[in-house]
Amino acid sequence: MPPIARTPAPPYYAVIFTSLRTDGDDGYNAMSEQMVALALQQPGFLGFESAREGVGITVSYWTDLESIRQWKANAEHQEAQRQGHQKWYAAFKTRIAKVERDYEM
C-alpha cells in the first residue's frame, strides 16, 4: 500500500485513531498486520495511513458511516480492540470525520 492513501473525490470519512502504547510487543505487531489484512477485505474501506513516534496516529478512510460501523462490529476487530484495551494501549482516542475536500501534489 502506498505511504499516502489514494482516496476518491470527497465526500468520504476518516477514522483517526491516536494512541500511546504500553511497553513491549506482546502480539501487537502480528495483530496489527492481521487487522490491516482484514480491513482490506471490508466493504467501504478505502485505505489508511499510519505513523508512530511516541504518539501513534492511524487514519483509515471509508466510503460511509455504515462501513465504519460494520468494521467496529467485526468480531476479529472487536477481539483486537479488547486486547488493545487490556494490554497494548496506555491511552487512545478515536475520532470520526467527514472529509469534504482534499487536494494533493
**Message:** I'm told MET1 meets every condition in (1) at pLDDT below 95; (2) open to solvent by less than 50 Å² (accessible area, probe 1.4 Å); (3) out of contact with any helix residue (DSSP H, G or I) (no Cβ under 7 Å at 6 or more places or on another chain) except one. Can you identify the failing condition by its number?
**Reply:** (2)
**the range 12-26: number of residues that are outside any strand (DSSP E or B) and either touching a Phe, Trp or Tyr at 6+ places or on another chain (Cβ under 8 Å) or touching a residue at least 60 places away in the same chain (Cβ under 8 Å) (or both)** = 2
**Request:** Check GLY56 against each of (1) over 20 Å from PRO11 (Cβ atoms); (2) touching a helix residue (DSSP H, G or I) at 6+ places or on another chain (Cβ under 7 Å) and name the one condition it does not meet.
**Result:** (2)
**Request:** Read through the list (1) open to solvent by 40 Å² or more (accessible area, probe 1.4 Å); (2) within 21 Å of GLY27 (Cβ to Cβ); (3) not in a strand (DSSP E or B), then give the number of the only condition that GLN83 fails.
**Result:** (1)
**Message:** Looking at ILE57, ILE68 in this structure, which one is open to solvent by less than 50 Å² (accessible area, probe 1.4 Å) and among the β-branched types (Val, Ile, Thr)?
**Reply:** ILE68
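For residues in the range 23-43 being open to solvent by 80 Å² or more (accessible area, probe 1.4 Å) and of a type in the set (S, T, N, Q), which is farthest from THR63 (Cα to Cα)?
ASN29
The values are calculated or read from the model by the stated rules, or taken from the named source; none is laboratory data. Predicted model only: the values in this text are computed from it and were never measured. So basically every Cβ, Gly included, is an ideal-geometry build from the backbone, and we count neighbours across all protein chains shown. Just the protein is used for accessible areas: all its heavy atoms, side chains included, with ligands, DNA and RNA removed. Shrake-Rupley method; radii C 1.70, N 1.55, O 1.52, S 1.80 Å.
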